[in-house]
1. Here are some pairs, A:K55/A:K108; A:K106/A:K163; B:K131/B:K154; A:K145/A:K367; A:K188/A:K222; which of them have Cα atoms lying more than 24 Å apart in this structure?
2. Among B:N106, B:N191, B:N240, which one shows the highest mean-square fluctuation when chain B is modelled as a Gaussian network with alpha-carbon springs under 10 Å?
3. Specify the inter-centroid distance of the stretch A:388-428 and the stretch B:59-130, based on alpha-carbon positions, in whole Å.
4. Amide H neighbours of A:S156 under 5 Å, counting only residues 5+ apart in sequence or on other chains, H built in-plane at 1.01 Å?
5. Would you calculate the convex hull of the Cα atoms in the stretch A:139-240 and tell me its volume per residue in Å³?
6. Summing -39500 (n - 2.57) over the DSSP H runs of n ≥ 4 in chain A and dividing by its residue number, what mean residue ellipticity at 222 nm do you reach, to the nearest 500 deg cm²/dmol?
7. In nm, give the distance between the simple-model label positions of A:R402 and B:E196, each being 7 Å from the Cα along the Cα-to-Cβ direction.
8. Would you mind checking the pairs A:K116/A:K162; B:K5/B:K129; B:K10/B:K153 and listing those with alpha carbons more than 25 angstrom apart?
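Readers should treat all values here as calculations from the given coordinates under stated rules, not as data from a laboratory. Since we're looking at a predicted model, the values are computed, not measured. Cβ coordinates were reconstructed from backbone atoms using ideal geometry, including for glycine residues, and neighbour counts include every protein chain displayed.
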Amino acid sequence: MDGVELEVRDGVDRETIETVQAMSGKYKHGWETDVEMDYAPKGLSEDIVRLISAKNEEPQWMLDWRLAAYHRWVKMEEPTWAMVSYPKIDYQDQYYYAKPKSMAVKPKSLDEVDPKLLATYAKLGIPLKEQALLAGVEAPEGERKVAVDAVFDSVSLGTTFKKELAKAGVIFCSISEAVREHPELVKKYIGSVVPPTDNFFATLNSAVFSDGSFVYIPPGVKCPMELSTYFRINAENTGQFERTLIVCDRGAYVSYLEGCTAPKRDIPQLHAAVVEIVILEDAEVKYSTVQNWYPGDENGVGGIYNFVTKRADCREARAKVMWTQVETGSAITWKYPSCILRGDDSQGEFYSIAIANNAQQADTGTKMIHLGKRTKSRIVSKGISAGRAQNTYRGLVSMHPRATDSRNYTQCDSLLIGDKCGAHTVPYIEVKNNSSRVEHEATTSKVDEDQLFYCRSRGMDEEEAVALVVNGFCKDVLQALPMEFAMEAQALVAISLEGSVG
Amino acid sequence: MLNIKNLHVKLEEEDKVILNGVDLAIGAGEVHAIMGPNGSGKSTLSYVLSGREGYTVTEGSATLEGTELLDMEPEERAAAGLFLAFQYPVEIPGVGNMTFLRTAVNAQRKARGEEELSAGDFLKIVRAKAKTLQIDADMLKRPVNVGFSGGEKKRNEILQMAMLEPRMCILDETDSGLDVDAMKLVAEGVNALRSEGRSFLVITHYQRLLDHIQPDFVHIMAAGRIIKSGGPELALEVENNGYADLLAEAE
């Protein structure tokens, strides 16, 4: 498809195996940090919503917004259409707000944050010092910088490179801070892409979201560095409900990365996030996720239930968005990063790798809503199933009557490892004009014994061989990731599939 | 180097005997050729030696420098110095040829307790070796064997051999699907690797490959056994008279 070409980078696939070996061991981030926490009382009520709002020192309009969402939510039913099954979630039997005690008095900068909390991120390989580091990959002097917002349970610990970003006019801070410091921007855009009434989990989030990131890129500014948010769930029996709002003004550009991990626990934990992206005329946003929540054990005990609503609105002409996701974690994944292609000539892309091993269940995909003329979208989905896992691609491509001369290309590949797992593809296609074109290609294959033997006869062990073959299968998507994430993602692909053969 | 004694092999899935008492001893630096009609068990021998699944060894042994191969995983055999050039090299979409080679080289080095090659050193070595096999930079970047011509695939096998520096090389019908020029190029690549410490087992249907890679010994295989062994002249005899006389003689 012209105009929506893959950017091919050299060296994305180099050093796969060293990285894999460096990250040996099954779930690497399953440890917990021992800190004293302040919890809101268990369960969800109007009082809890008021308490979260008060903790964040919010203005009245924000509280009213939350309460409206809460009152709507109590009348809503949990959706059941996804191809996932799990025990009923008791929404009154968990905590909605957990904050380290040391954060009671807001630290002025990261230097004042409890060293124990900072050590958590150091152990995860996330740089909170203002160095050019990400995900344990040490970059030599002079390489790209990455600004980080570190969210620990319900609060943001702090954000790096704020001053340097401010020089360029970029606002990058926690959403709670944005509500206080930039209410006019938040008020204008929050809920404008994912309304508080959108769906059960988004409405829940609207009522109880505690923190998350806020990004504003002013007109014509190319963000001088990559921005990232790193979500860590630490507290037990606590849900994480973060909300991210990114506004990319006319002619601006930003690349944003998101990472997530959680400790190993036998009791499942709920994660219901909302990400809203507003993209104005000629602006472009790249949003990349490496989702590595705890997936539960081999028998499906524990893990994160991940119910996430992510949506980008290409609100004006020639706006562009690219979602890239590597989904390796979570017991349950329910996630459909979507693009509303409202502006004429706007473009949406979605690249996804979803790996489900052992007893994991993933139901993920995208929605491409073509509203403007000559809009283009591209979907490349790579689903990998192993163990007893079930992996579903669910995608909607919708061409509205006004979206004349629009194009979509969808490629949906599934790879099976072993004979007890399942792959499902559920594409929905609606075309309501005569001049648009939609293409859908789908394949399903198994990891080939001959390929594995060929690799092994050259000296690779079975897991290295699987990692290599699967990374090859995912190549189109890995190439779409920023370099630092691509390395981490390749390693994760290998780790997620450990024990899937033999 | 390689010592095969009374090797009996049947298919795992069905009760079909493929190798029926193979005896073969290959000394260091020697080149042996095995010839034989279709279905005689030549390719099975190469697969069993390299550890492919689907076969059951019912009797016998195969040792590489005194170590029993048949107890090892395929990757352990590779690290011990065994290499099989495949008759049909496998395609691996999305995996760059260079990545594949480097992963293989470093996996073996690691298994032997040696330090891994750095990206720079590896690149220098692979470029030099690729050049002698007339493998261009483009072929090194393309996914492993995907869209390669028959000749490119076989040259790529020899490049892998050159990079991995095995002590015992098995070439399974490396000449199949090659035109004369391609075969010559492959043979030159193999000849360049001949050395005192490296042995070869060349499996082929035809004499013509042996014009280019001259063997020290030739064995004729039929019905899962070696029925006759001799010098290079044995290959010429097959070329002129076919297998019929030899088979009758062995009956």
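1. Going by Cα-Cα distance, A:K145/A:K367 fall outside the 24 Å limit.
2. Fluctuation is largest for B:N240.
3. With the stretch A:388-428 and the stretch B:59-130 each reduced to a Cα centre, they are spaced 38 Å.
4. Amide H neighbours of A:S156, under 5 Å, 5+ apart: A:G212.
5. Hull volume over Cα atoms, normalised by residue count, gives 128 Å³.
6. My calculation for chain A gives -6000 deg cm²/dmol from helical runs alone.
7. 8.4
8. Violating the 25 Å Cα-Cα cut-off are B:K5/B:K129; B:K10/B:K153.
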